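Okay, so here's the structure we're looking at.
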Amino acid sequence: MSELRAQLREWQAAVQKRLPPWSSRAMAVSLIVIGIVLPFLFSSSSAFMNATIIAIAYAVMSLGLNVVVGFAGLLDLGYVAFYALGAYSLGWLGSGFFFKAQVHALVSPVASTLPGVHLNFILILIAAALICAGAGVVIGLPTLRLRGDYIAIVTLAFGEIIGVLAVNGQSVPVGGGMTLTAGNLGISAVDAPYFPGIGSFNLLNLRPWYWLIFAILLVVLFVNLRLRDSRLGRAWIALREDEVAAVSMGIPLVKTKLLAYAIGAAFGGMSGAFFGTYYTVVNAGQFQFGFSIFILAMVIIGGLGSIWGAVVGGLALGYINNYLIPDVLNNLPAKFGFNFQLTQVEFGIFGFLLVIMMVLRPQGLIPERRRRLELTAGIAAEDAQLVETQGPAGGPT
Amino acid sequence: MSPTETPPPAPPAVALSVLRAEHVTKQFGGLVAVNDVSFDIPQHSIVSLIGPNGAGKTTLFNMLTGLYRPTQGRILLGERDITRARPDVITSYGVARTFQNIRLFGAMTAVENVMIGHHTQMRAGLFGSILRPPWVRREELQTRERARELLAYVGLREPAFDRLASQLPYGDQRRVELARALASQPTLLLLDEPTAGMNPNESQALTEFMRALRDELKLTILLIEHDMKVVMGVSERVTVLDYGKKIAEGEPAEVRADPGVIEAYLGKRAS
């Protein structure tokens, strides 16, 4: 088995050596083209399109969390907070919720006559990213002096605080009879994205939604890839590996960690804002602790610290959660004569998948380059060490 | 290490002090780890800090590099007061260190480790990293190039450059750590037991390498060391700590003859 793997790896290396240097760029371009034409292969309002859109939005969140947990090694169990804040940014800035206000910016002709704050979706997206980045810094500050599990506890509490705030926000007045959130009733009738020339999006034609979230994914992916191979990305990994050594080598701890929190949160907020408009309602009940774990599972199943892993993990769990279980396999137990539907045991299935994953492939679907090096180069290093110790070394005098 | 033949260097005529500690004390609860220690390090010298285990040498190191804040006293780097400065700021002022138990970034390659050392000299921030304009690209390339040069300088062989630090043999890890410290372009280099785990030949090579560092890179070196052969061979001055207190200071020969030092190391003679 291991020989077979070694052989495969050899072939892979040989193939990679023969590919021209532009091959990775060509690959990226073709993937983007496939991504753009994909919706034409499916009916514009099919369940599969719907699942694809949600899966891509999950992948964006997974990429955001991967910056915090994967790159910087800060275990964040309250990531749902940024989903909530992103969605509320949309609720606040793209609906009639603040009915006393009259603010309109680049919105559809219909929305521009309505009371409330109505901003163009792109503006809301930017606002959501900024609000969440700020919140990321706020949650980062108390965790700066903490390590490992203790960071997880503080972030978990932060996620819960935001959740409770969302539920009870309907009792928090912000003036003029308006409240902070609508609690479990939800902020409804949020604006659909509108772009001049395209018009308002609607849920009968899912293709524009798909292209929108696909574009967001590409932007987030680009930023992730650039950051990974940069001065900042290296600093994160150094902090993750050894904090004391990193600060002694001149890496500013506070700034570097807070940047990780802020960037990870910003991506979560962008995805959250998209979900807000896509689900057409911002409801406090959406922001459960379980969602934080769900996103974390995507990062881990994909491969901690791996960008492509985060994308694949997000897509995989997104499809399983929103397509495979409810649409394809839901009646499977009935076929075997059981009296339940698969959606009822959803979490059991995820738990099972996680356990299987950890047993068979703990490094994730697409492990990070470093982790792969650690696994494959380990044997070579031991060999080298053997040679070193047996080599001509001066004996003790 | 590249052994270079150098004549025994004469101490500079005017000994400017690079670093000066004034009445530095560090208390951990009831334990006084470092007690009212003052000393200074003349420019382009090699100064050793010795003492029995638990004497407070590493605690003193940690205060000089900003990892601990002194309970009392003052630390001056040149004219600058760095008593309360952050470690990364102190590094950017030109102080670099290695650790007693090697602390490399295990999941990074040797080259990347050294590149981290160069971070204080780089300018790319968040937006520079994302947009990657030509000057950032150039900065990255130059940093990588410099890291390779430094690794070659400390004697690492080419095939080891792109291996993960955790997978390098012990001796190479020591070399990488030294290169990483040098990458921040320090004026003062603090080495915490650099010869730990080395055989006498390697220690000898390192001794010569330290002299080369001082003469070629115009460095000042502060050394914690247990190997007396190294200490006596390389240092111009020796400071001895025992139970957090400075018990002796001076030239190696003086210190070796000091009855207090002998007592600290060997115990009191029964009378």
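What follows draws every value from the coordinates through simple rules; no lab data is involved. Everything numeric here is computed off the predicted structure, so don't read it as measured data. Backbone-built Cβ (ideal geometry, glycine too); neighbour counts: all protein chains shown.
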(request) Select from B:P133, B:V111, B:L219 the residue farthest towards the positive end of the dipole of segment B:85-221; place +1 on Cβ of Lys and Arg, -1 on Cβ of Asp and Glu, and compute about the Cα centre. (result) B:P133
(request) Compute the distribution of all C-alpha to C-alpha distances in the protein assembly as shown, in bins of 10 Å from 0, and list the percent of pairs in each, rounded to whole numbers. (result) 3, 13, 21, 21, 16, 12, 8, 4, 1, 0, 0
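Work the Kirkwood hydrodynamic radius out for chain A: mean of 1/r over every pair of different alpha-carbon atoms, inverted, in Å.
This gives a value of 23.1 Å.
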(message) Using the Cα centre of segment A:46-288 as origin and beta-carbon charges of +1 (Lys, Arg) and -1 (Asp, Glu), tell me which of A:L141, A:L106, A:A265 is placed farthest towards the positive end of the dipole.
(response) A:L106
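For a 32 Å ceiling on Cα separation, which of these pairs sit above it: A:K255/B:K246; B:K26/B:K229; A:K17/A:K255? Numbers along the way, then the final one.
On the way: A:K255/B:K246 37 Å; B:K26/B:K229 30 Å; A:K17/A:K255 40 Å.
From A:K255/B:K246; B:K26/B:K229; A:K17/A:K255, over 32 Å: A:K255/B:K246; A:K17/A:K255.
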(message) Explain nothing, just the number: relative contact order of segment B:85-221, from Cα pairs under 8 Å at least 6 residues apart, as a whole percent.
(response) 39
(request) Only Lys, Arg, Asp and Glu count, each charged at its Cβ (+1, +1, -1, -1), so figure out the dipole size of chain A about its Cα centre, rounded to 20 debye. (result) 640
(request) Rounded to whole Hz and in sequence order, give me ³J(HN,Hα) for segment A:208-217 from the Karplus expression 6.51 cos²θ - 1.76 cosθ + 1.60, θ = phi - 60°, writing x for Gly and Pro. (result) x, 4, 4, 5, 4, 5, 5, 5, 4, 4
(message) To the nearest 20 Debye, how big is the dipole of the protein assembly as shown about its Cα centre, given +1 on the beta carbon of each Lys and Arg and -1 on that of each Asp and Glu?
(response) 1140
(request) Given the options A:L218, A:L365, A:L296, state which has the largest fluctuation in a GNM of chain A using a 10 Å cut-off (strictly under) for Cα springs. (result) A:L218
(message) Placing unit charges on C-beta atoms (Lys and Arg positive, Asp and Glu negative, everything else neutral), compute the dipole magnitude of segment B:85-221 about its Cα centre in debye, rounded to 20.
(response) 380
(request) Could you pull out the chymotrypsin sites (Phe, Trp or Tyr not before Pro) across segment A:1-94 that fall in loop regions by DSSP (anything but H, G, I, E, B) with no more than 10 other Cβ atoms inside 10 Å? (result) A:W22
(request) Within segment B:225-271, report the trypsin sites (Lys or Arg not before Pro) that DSSP leaves as loop and that have at most 10 other Cβ atoms within 10 Å. (result) B:K268, B:R269
(request) Collect residues whose amide H, placed 1.01 Å from N in the peptide plane, falls under 5 Å from the amide H of B:T71; neighbours closer than 5 in sequence don't count. (result) B:T25, B:K26, B:Q27
(request) Sort out the exposed loop GluC sites (Glu not before Pro) in chain B (DSSP loop, at most 13 other Cβ within 10 Å) and tell me the longest stretch that has none. (result) B:80-271
(message) Apply the Karplus curve 6.51 cos²θ - 1.76 cosθ + 1.60, θ = phi - 60°, to the phi angles in segment A:332-346 and return the couplings in whole Hz, x for Gly and Pro.
(response) 4, x, 4, 5, 8, x, 8, 9, 8, 10, 5, 4, 6, 10, 3
(message) For chain A, give me the percentage of DSSP beta bridges that are antiparallel, rounded to the nearest 5 percent.
(response) 65
(request) Return the ratio Rg/(2.2 N^0.38 Å) for chain B, where Rg is computed over Cα atoms only. (result) 1.04
(message) How long are the semi-axes of the equivalent ellipsoid of segment B:85-221, defined as square roots of 5 times the Cα gyration tensor eigenvalues? Whole Å, largest first.
(response) 26, 17, 13
(message) Could you derive backbone 3J(HN,Hα) for segment A:143-155 from the dihedral phi with the Karplus parameters 6.51, -1.76 and 1.60 (θ = phi - 60°), listing whole Hz in sequence and x where the residue is Gly or Pro?
(response) 8, 4, 8, 9, 9, x, 4, 5, 4, 4, 5, 5, 5
(message) Give me, ordered by chain and number, the residues 5 or more places off A:T179 or on other chains with an amide H under 5 Å from its own placed amide H.
(response) A:V174
(request) Collect residues whose amide H, placed 1.01 Å from N in the peptide plane, falls under 5 Å from the amide H of B:R237; neighbours closer than 5 in sequence don't count. (result) B:I46, B:S48
